Amino acid sequence: MKSILLCFLTVTALQAFETDIEIGAGVWNAKASGDLTYDESGGSVTAVGDLGYKNENNFYLHADFKPLNVSPFVPNLKLEYTSIAYEGRTKGSVTWGPFLYQADAPNKVTALEYDATFYYSFSDLISWMSFDAGINVKYVKTRYTIDDSSIHYDESDITTLPQLYLHARVPVMQLPASVDLTYYYYDEGSFTLYDFRLSGRYDFDTVTTYFRPSVELGYRIHRLWLQKPSYNTKIDLHLSGIYLDASLHF
């Protein structure tokens, strides 16, 4: 609710300026695979085989602001909030650091991702497509918990890092539709985070003159690999699945 309120307050403030605005929300049904590891020698568990994670609906919000009639050096701004959460019960006894957990122990991993992308549009470079490029600042708060009747483990951490941002949109004939490709990427030693999205988008131009609704259906692949020295829980998750998005363009 705080994220929704902040988004609408930002939209209201920017309407005082000449700004092209799009806000939206989506649901992403994603399968989790990969491993969680306790430090270097404290045990490793797989997301599906050991922890029992199944497909989950992850939700996200986004807002896109494109200033009009200003200096070409002023970047556009895209904000996004994604809530990722997987819950399960261990399928057998597992070792996690100095602890031994029995079968059917409840556990959960979460990642709250906040993205602020500063980018430029290059719509004149190629006649048959539009192209965006920029830098994304990603703030990720992760948490892992596991319990049984006698042992409770709970650890959370925060990571902030930059990512390369690329986006391409190809119109579909004369229709108010397009094929979109979006890519975020960062790779440096102990951290690898990327997000790839391929989708089809349709804009309902004739609904109203005040705003234009849009729907987007696509496939998203997300890698979250964090091996922070100060964080015992090493996360290496692969998330992939179909998403559905709805937005309003002011």
Among (1) hydrophobic (A, V, I, L, M, F, W, C); (2) more than 26 Å from ASN55 (Cβ to Cβ); (3) surrounded by 14 or more Cβ atoms within 10 Å (Cβ to Cβ), which single condition is LEU175 missing? (3)
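Matching residues to (1) more than 20 Å from SER130 (Cβ to Cβ); (2) buried (at least 17 other Cβ atoms within 10 Å of the Cβ); (3) of a type in the set (Ser, Thr, Tyr):
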site	(1), (2), (3)
LEU193	yes, yes, no
LEU198	no, no, no
ARG212	no, yes, no
GLN227	yes, no, no
LEU239	yes, yes, no
The one condition LEU181 fails out of (1) open to solvent by 80 Å² or more (accessible area, probe 1.4 Å); (2) part of a strand (DSSP E or B) is (1)
Counting just the residues of segment 110-128 that are in contact (Cβ under 8 Å) with a residue 40 or more places away in the chain and open to solvent by 30 Å² or more (accessible area, probe 1.4 Å), which one comes out farthest from ASP64 (Cα to Cα)? TRP128
Pairing a residue in segment 130-142 that is free of Cβ contacts under 8 Å to residues at least 60 places away in the same chain with any residue that is among the polar types (S, T, N, Q) and assigned to a strand (DSSP E or B), where Cβ atoms lie under 6 Å and the two sit 6 or more apart in sequence or on different chains, gives ASP132/SER121; GLY134/THR117; ASN136/THR117; ASN136/GLN163; LYS138/GLN163; TYR139/THR160
Can you tell me how many residues within segment 62-84 are of a type in the set (Phe, Trp, Tyr) and either touching an Asp or Glu at 6+ places or on another chain (Cβ under 9 Å) or outside any loop (DSSP other than H, G, I, E, B) (or both)? 2
Among the residues of segment 28-45, how many are closer than 24 Å to SER230 by Cβ and either at pLDDT 90 or above or open to solvent by less than 50 Å² (accessible area, probe 1.4 Å) (or both)? 8
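Each row is one residue, and each column tells you yes or no for (1) modelled with pLDDT under 95; (2) in contact with a Lys or Arg (Cβ under 7 Å, 6 or more places away or on another chain); (3) within 16 Å of TYR219 (Cβ to Cβ); (4) among the hydroxyl-bearing types (Ser, Thr, Tyr).
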| position | (1), (2), (3), (4) |
| --- | --- |
| SER149 | yes, no, no, yes |
| HIS152 | yes, no, no, no |
| THR159 | yes, yes, no, yes |
| GLN163 | no, yes, no, no |
| TYR186 | no, no, no, yes |
| PHE204 | yes, yes, no, no |
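The values are calculated or read from the model by the stated rules, or taken from the named source; none is laboratory data. Values in this document were obtained by computation on a predicted structure and should not be read as measured data. Neighbour counts are summed over all protein chains in view; Cβ atoms, including those assigned to glycine, are modelled from backbone coordinates with ideal geometry. These area figures cover heavy atoms from the full protein model, side chains too; ligands, DNA and RNA do not enter into them. Shrake-Rupley method; radii C 1.70, N 1.55, O 1.52, S 1.80 Å.
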